[in-house]
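Note sheet for the following structure.
Any read-out appearing in this document is the output of simple, stated calculations on the displayed coordinates, not a laboratory observation. Nothing here was measured: the structure is a model prediction, and the numbers come from that model. Here the Cβ positions follow ideal geometry from the backbone for every residue, glycine too, while neighbour counts run over all protein chains shown.
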Amino acid sequence: MYSGAQEGGMITRMNGHAPVLLNEVLELFLQAQCEASLPRLYIDATFGGGGHTRAILERIPESKVIGIDQDPAALKRAEVISTEFEGRFRIEARNFSQMGNIQDTDLTGVLMDLGVSSFQLDEAERGFSFRSDAPLDMRMNPQQGQNAADFLETASLREIETALRDYGEETSWRRIANAIVGARGTGILQRTASFAKLVEDNTPRPQPRRRRIHPATRTFQGIRIAVNQELQSLDEALPQAFEKLAPGGVLAVISFHSLEDRIVKRYFRKLAGRPEHRHDSRSQQQRQVLCELLTRKPIQPSESESAENPRARSAKLRAIRKLPLNH
């Protein structure tokens, strides 16, 4: 069972971006390496800015890391770490749902830090944020797939409603979805500022003095998840990651909203031989215990980390340890 990392540890930053729950992840990996005497090989399945990767390489002696990222910009950032830690790091240009194509196995740890990265949010031209006006793109790999503007122009009303209601958890989903369909062909759906204004105009105004997020926040989240097929990729990636682990190895996942966390929680409970949810009526004979839950409840950032890095506030870390087949 996870014991909790000490607060106050140094937070590794890369170009001003702080990796979330870094000390907690490192403690989980270090415990696994010490207890099982594993070979110190790790996968950072969402390389991003490389903060978690760098910390593993710096703090775990003789460790090696395989980074995965589909974003071409992340591949350029990886060159710095490749040079600095020559022979101990390599980057794989792929979606983490293709992890099974990597030949390496018997890993000590696999980390997934889900969602959009700080780098992607801060680069206005990527179209993830409405803080600056830019083309409405939102693709994590801008070289592949359909961008957000094209999705909004061509998707069925049902697909848009699903993105807003289920992925964005937007309460005004029906009204916003109809407004999107009505705005097709006008140019409003082509840029972040005009699209955010459309959403705001079709969202009830909050009561005076009541704090709330920007009206377009949940809609932007839902469209982003739909465009990048994030939940489908997570469903596909989790079993591949578990398969890569050596007995005693740790799979750690950081999520930032309830949809991701629910998928991770249920998959981990399934591997641990526990009911996935309250409607899971399988008998004990139908269950298989393949892992140990290291986090019965998700680990969340300390007050000090949340104060220093506001984007960490909604983060939840869950982790499991793979058991030997004949435990």
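General remarks:
- Against the main long axis of the alpha-carbon atoms of the chain, helix 192-201 sits at an angle near 70°.
- For region 77-161, projected area of the alpha-carbon convex hull averaged over all directions, nm²: 8.2 nm²
- The phi torsions of region 172-178, fed into the Karplus equation with coefficients 6.51, -1.76 and 1.60 and a -60° offset, translate into couplings of 9, 4, 5, 5, 5, 4, 5 Hz, rounded to whole numbers, with Gly and Pro shown as x.
- Modelled spin-label separation between Glu84 and Thr186, with each label point placed 7 Å from Cα along the Cα-to-Cβ direction: 4.8 nm.
- Counting lysine pairs in the chain that sit 8 or more residues apart in sequence, or on different chains, and whose Cα atoms lie under 20 Å apart gives 14.
- Which of Thr105, Asn95, Ala177, positive extreme of dipole for the chain (C-beta unit charges): Ala177
- In order along region 103-111, the Karplus-derived 3J(HN,Hα) couplings, from 6.51 cos²θ - 1.76 cosθ + 1.60 at θ = phi - 60°, round to 6, 4, 9, 6, 7, 6, x, 10, 10 Hz, and Gly and Pro are given as x.
- Comparing Thr217, Pro247, Thr53 along the charge dipole axis of the chain, the residue lying farthest to the positive side is Thr217, per the Cβ-charge model.
- Charge sum, other residues only, whose C-beta stays under 14 Å from Arg59's C-beta, Lys/Arg counted +1 and Asp/Glu -1: -1
- Amide hydrogen neighbours beyond the local backbone of Glu92, cut-off 5 Å, H modeled: Gly67, Ile68, Asp69
- Size of charge dipole - region 125-229 - debye, nearest 20, with Cβ of Lys, Arg +1 and Asp, Glu -1, no other charges: 560 debye
- In region 125-229, Rg over Rh equals 0.95, where Rg is the alpha-carbon radius of gyration and Rh the Kirkwood radius from pairwise Cα distances.
- Beta bridges per DSSP, both residues in the chain: antiparallel share near 40 percent.
- Taking label positions 7 Å along the Cα-Cβ direction at both Glu303 and Leu157, the computed distance is 5.0 nm, reported to one decimal.
- Around Thr171: net Lys/Arg minus Asp/Glu count, Cβ-Cβ under 10 Å: +2
- Ordering of 259-268, 20-29, 289-298 by packing [mean C-beta count within 10 Å, highest first]: 20-29, 259-268, 289-298
- From helices alone, the chain scores -11000 deg cm²/dmol at 222 nm; the rule is -39500 (n - 2.57) for each run of n ≥ 4 DSSP H residues, then divide by the residue total.
- Within the chain, the ratio Rg/Rh, alpha carbon atoms throughout and Rh by Kirkwood, equals 0.98.
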